[in-house]
Every structure is written in structure tokens, then in C-alpha cells.
1. What's the total number of residues in region 211-243 that are touching a strand residue (DSSP E or B) at 6+ places or on another chain (Cβ under 9 Å) and either under 10 Å from Ala177 (Cα atoms) or modelled with pLDDT of 75 or more (or both)?
2. Which one is surrounded by the fewest Cβ atoms within 10 Å (Cβ to Cβ) among residues in region 118-132 that are part of a helix (DSSP H, G or I) and within 21 Å of the chain's Cα centre (by Cα)?
3. Here are Ser127, Ser163, Ser204: which of them is touching a Leu at 6+ places or on another chain (Cβ under 6 Å), among the polar types (S, T, N, Q) and farther than 23 Å from Asp228 by Cα?
4. Considering only region 161-190, state which residues are surrounded by 21 or more Cβ atoms within 10 Å (Cβ to Cβ) and of a type in the set (A, V, I, L, M, F, W, C).
5. State all residues of region 144-195 that are of a type in the set (Gly, Ala, Ser), part of a helix (DSSP H, G or I) and under 17 Å from the mean Cα position of the chain (by Cα); if no residue qualifies, say none.
6. Starting from residues that are among the polar types (S, T, N, Q) and modelled with pLDDT of 85 or more, keep the ones in region 195-210 and report whichever is nearest to Gln131 (Cα to Cα).
7. Would region 62-81 turn up any residue that is modelled with pLDDT of 85 or more, of a type in the set (Phe, Trp, Tyr) and not assigned by TED's automatic domain parsing to the domain that holds Trp145?
Amino acid sequence: MRFVSWLQPRMLKRSTTLAWGLAPELEGWFLAGLSRDTPPFLKLHTPQHLTVPQDDQGLTALSQGLRQSIIARGAFEGRRRVNMGLAMDHVVSGVMAMPLDLRSADLEAEVQLEAARALGLEPHQVSFDWQAAMQSDGQPHQLHWVACHKDWVDLFHRCVRQSGWQLASVEPVHQAARRAAACLCGGLSSVLTQPVQDWQFDLSMLSDMEASEATWGVSGVFDQALHDAMQTPIGPRLAAVGLALKAWV
């Protein structure tokens, strides 16, 4: 099962006016909504910390927090879809050479087997996602993949469903944060000079190519700055926003 199992069709995402991301942070989760501002910009909408005790392995408190939040009771009625972040200590990733003679189904099976080996699990116990990296001639030559134990995705699905929301997707937090940083007006350095509620994001940066580069970025300087930001309290907020941005990818 892939991370994208609950993604909406692309045509529905393009008409999104309000989207939600939920990322883990110290002693809880950070819920962020993005709403349309003056085109092509998006702004942060009612950010909220949801406290979850560390011993709450079933995420019961998170489910209750989502249900009881002002957002869940009021806005987004009937379409309360959220993209949820997975902490990096639950994720493995890798790169594979991409054989050109394999069919798509066979290629996916190869990724699943590689992810299962890395996690020490059976293939059916793995949730995974992958993306092809292109050469200058436009031909794919590598596969970048990420994976986790399927139990985490199942747990998130149950938690969100019990809250009355719907789970749209699960994604590693660094992957989501990279997307947010790539679209942040003022660049990544602005996270140090602007309050979270003043962050603004340029939707025009989410073309298919730019969204792909934001997800699987290769800039060492950019990734180091992002890594540094993720070690601060800003990190979960950036990840939550990046998860919400996924609705427009």
C-alpha cells in the first residue's frame, strides 16, 4: 500500500480553497490550515497545537482534539480532509536504479520488496511511495522511495476517522517541510523574522516540476538550512503547512 492511497484526484485538488496539514511536534501535534489569499498566494489559517500525552500510543487524545477543535466543529463541514505527517524516525528511504524494461506494476513490486528488506518486514506490512528522478533528456534513471510500517498508516487512518475528519494522505515530515520551504514567500530565512501567522505561500511555485523538486530536493545548501530549521520549534509548523500544500500539488 502506498502513501498516496487516500489522495484526491488531481482535478479536485486544483479547486481547493481550504486545506489542512497535521504534523507531530513535542508533546502533541500541530494542525495548520491554508486558505486562498490574493491569487496566487495562500495564507495560514487558524494554526493550532493539539496536546497528546506521550503514552497515548493509540492517539486517542489526538482524535478527541480534532473532534473538539473549533475548526472541526465549524469550518470545512463535510470535507474535513487532512494530510498527516509521519516522524522521520518511523521512515526509511533509498534510491534504486530504474530498469527501463520493467512494467509499472513490476517496478512498484521491486520498490515494495526493497522497502520491506530495509524495514525487516514482509512486503504486505509496508506502506511506501516512490518517484522517478529524470535525466537532462527527460528520461527516468533513478527511483527515490520512502516507506514505513503499514501499522502507522492504519493507526493514523483510524485516529482521523474516529475524529470525524478524513485522512487524505500520509507523508514524511521532512518531505512536507521541503515543499513548504520551497513555496514560502521570502524564502526559508523568513521563518526567523516572521510570526507563523504571517507566513504566506506562493501557489505558482507548485507547478508539477517544481513540486517534484520540492519533494525530492537535491540542493545541499537548501537541505542543510531546512535540516537546521527542522531542529527548532518551527519545524513541525513548516511540515504541517507543507502537508496542507499537498492539496494543490
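1. First pass over region 211-243, keeping only residues touching a strand residue (DSSP E or B) at 6+ places or on another chain (Cβ under 9 Å): 212, 215-216, 218, 233, 235-243.
If we keep only those that are either under 10 Å from Ala177 (Cα atoms) or modelled with pLDDT of 75 or more (or both) too, we end up with 215, 233, 235-243.
Residues in region 211-243 being touching a strand residue (DSSP E or B) at 6+ places or on another chain (Cβ under 9 Å) and either under 10 Å from Ala177 (Cα atoms) or modelled with pLDDT of 75 or more (or both): 11 in total.
2. As a first pass, look at region 118-132 and keep what is part of a helix (DSSP H, G or I): 118-119, 123-125.
Subset that is within 21 Å of the chain's Cα centre (by Cα): 119, 125.
Values: Leu119: 20, Gln125: 14.
Per the stated criteria, the residue is Gln125.
3. Values: Ser127 fails: touching a Leu at 6+ places or on another chain (Cβ under 6 Å); Ser204 fails: touching a Leu at 6+ places or on another chain (Cβ under 6 Å).
Selected residue: Ser163, the only one of Ser127, Ser163, Ser204 that is touching a Leu at 6+ places or on another chain (Cβ under 6 Å), among the polar types (S, T, N, Q) and farther than 23 Å from Asp228 by Cα.
4. As a first pass, look at region 161-190 and keep what is surrounded by 21 or more Cβ atoms within 10 Å (Cβ to Cβ): 163, 165, 168-184.
The answer is Trp165, Ala168, Val170, Val173, Ala176, Ala177, Ala180, Ala181, Ala182, Cys183, Leu184.
5. Our first condition is that a residue be of a type in the set (Gly, Ala, Ser); within region 144-195, this holds for 147, 163-164, 168-169, 176-177, 180-182, 186-187, 189-190.
Remaining after also requiring part of a helix (DSSP H, G or I): 163, 176-177, 180-182, 189-190.
Correct list: Ala176, Ala177, Ala180, Ala181, Ala182.
6. Here is the first cut: in region 195-210, the ones among the polar types (S, T, N, Q) are 197, 200, 204, 207.
Still in the running and modelled with pLDDT of 85 or more: 200, 204.
Working: Gln200: 28, Ser204: 22 Å.
Step by step, filter region 195-210, then rank; the result is Ser204.
7. Pass one, region 62-81, residues modelled with pLDDT of 85 or more: 62-67, 81.
Then drop every residue that is not of a type in the set (Phe, Trp, Tyr), which leaves none.
No, that holds for no residue.
The values are calculated or read from the model by the stated rules, or taken from the named source; none is laboratory data. No experiment lies behind these values; they were computed from the predicted model shown. Quick reminder, even Gly has a Cβ in these numbers, built from the backbone with ideal geometry, and neighbours come from all protein chains shown.
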